Ligand code: NDP
Ligand code: MG
């Protein structure tokens, strides 16, 4: 029986994680969870899985829930995320919170020796060197939840990582993959939220449309698999059936395939090194699909991807600046305060103005993160 702490339980990944836990009560027990402002959903999960500790974003919600559930412990805010992540009974942290707010709780859980199943890619982008250094120090496994990284991880099983020639991340291209840059000028939030293959949270759906998501994933792959950027490629593959590939120095290429269903990589991170049957899973029928398509990426068309490679190659605090600028700009776009193309313009502006600090410590990262958010906010005034 694995005991689980779950950050971001009410989100897209969080709800699918809860689904897996509910379907495998003999394997997993949810001991602690965090949510944000969705209190109705939080109640549903509490009623269902009876955790011992729950953290919400706001104090008044914690006080209200405490009255309703006197036998459960409630907490709130950033310190609440850390309490959930470090609950003494859990051995695994599933981090499915959104954004760099997940960083400190991840570091705290690593220091408690917990296995980390990480969906929260912003944490690995903003502070990958700190997370991986702590993971090595405390001998903790960081297991990918992101589908591409899970595919790479599965394609490396039993292989010698020194014999890898390159990692190939597949990309669907997002909701605007067939539009030119000219056509991107008039797109709306509603258009951008309409992803062809995956149903996900709003922020990552916008990231997919700008391709910043793939940029964050290139950096995530660099961090998780210790691979230089020249050995990480992106390949457009509109069907999202091949979830990523690993090429070895004998020219063999190993890939992981499946229908687009995030429960597969989430469950694999939970059950690893075993596999569990996926309740309600759709089996892959290649004969029915018939054809798979591949195309080279155009870095002029997908400028955010180019910016992410630039930040990744530079390393240092520019990664934090880029990530925070993206988080802030995407939030502004979702509030309809800026246009779609302004997202990457703002990121580029922030990166051009940034005074890079190599190997930043946690304090520097948190400072750059909050200053960048203020800078982006001031750009719209
Ligand atoms: P969602 O927006 O659907 O969910 C985010 C979760 O985090 C919710 O539980 C939300 O609470 C909570 N949350 C948001 N902000 C805060 C905050 N400031 N403090 C505390 N809790 C907060 O996101 P996704 O599930 O789509 O994505 C989560 C992470 O997983 C992201 O890093 C994303 O990149 C990554 N990921 C997602 C994939 C997907 O398919 N969705 C695929 C691969 C990676 P509430 O809703 O209650 O306010
Ligand atoms: Mg992904």
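For residue 133 and residue 287, a Förster radius of 41 Å and the Cβ-Cβ distance give a FRET efficiency of 0.30, rounded to the nearest 0.05. Measuring from centroid to centroid over Cα atoms, what is the spacing of the stretch 20-94 and the stretch 127-165 in Å? Comparing the Cα centres of the stretch 20-94 and the stretch 127-165, I get a distance of 28 Å. Looking at the chain alone, DSSP beta bridges between its own residues are antiparallel in about 30 percent of cases. Both radii are taken from the alpha-carbon atoms of the chain; with Rh as the Kirkwood radius, Rg/Rh is 0.95.
The calculated FRET efficiency for the pair residue 381 and residue 313, based on their C-beta separation and a Förster distance of 45 Å, comes to about 0.90. Rounded, prolate or oblate for the stretch 85-138? Axes are the square roots of the Cα gyration tensor eigenvalues, ordered a ≥ b ≥ c, and the cut-off for rounded is a/c under 1.5. Oblate.
Helix content alone sets the calculated 222 nm mean residue ellipticity of the chain: runs of n ≥ 4 DSSP H residues at -39500 (n - 2.57) each, divided across all residues, give -14500 deg cm²/dmol. Model label points for residue 294 and residue 165, set 7 angstrom from Cα along the Cα-to-Cβ axis, are 1.2 nm apart.
In this rough spin-label picture, where each label sits 7 Å from Cα along the Cβ direction, the residue 230-residue 251 distance is 2.2 nm.
Placing R0 at 25 angstrom, the Cβ-Cβ distance between residue 44 and residue 239 gives a FRET efficiency of 0.15 after rounding to 0.05.
Each value in this text was obtained by applying a stated rule to the coordinates, not by laboratory testing. The model shown is predicted, which means the values in this text are computed figures rather than measured ones. Note that we place each Cβ from the backbone using ideal geometry, even for glycine, and neighbour counts take in every protein chain shown.
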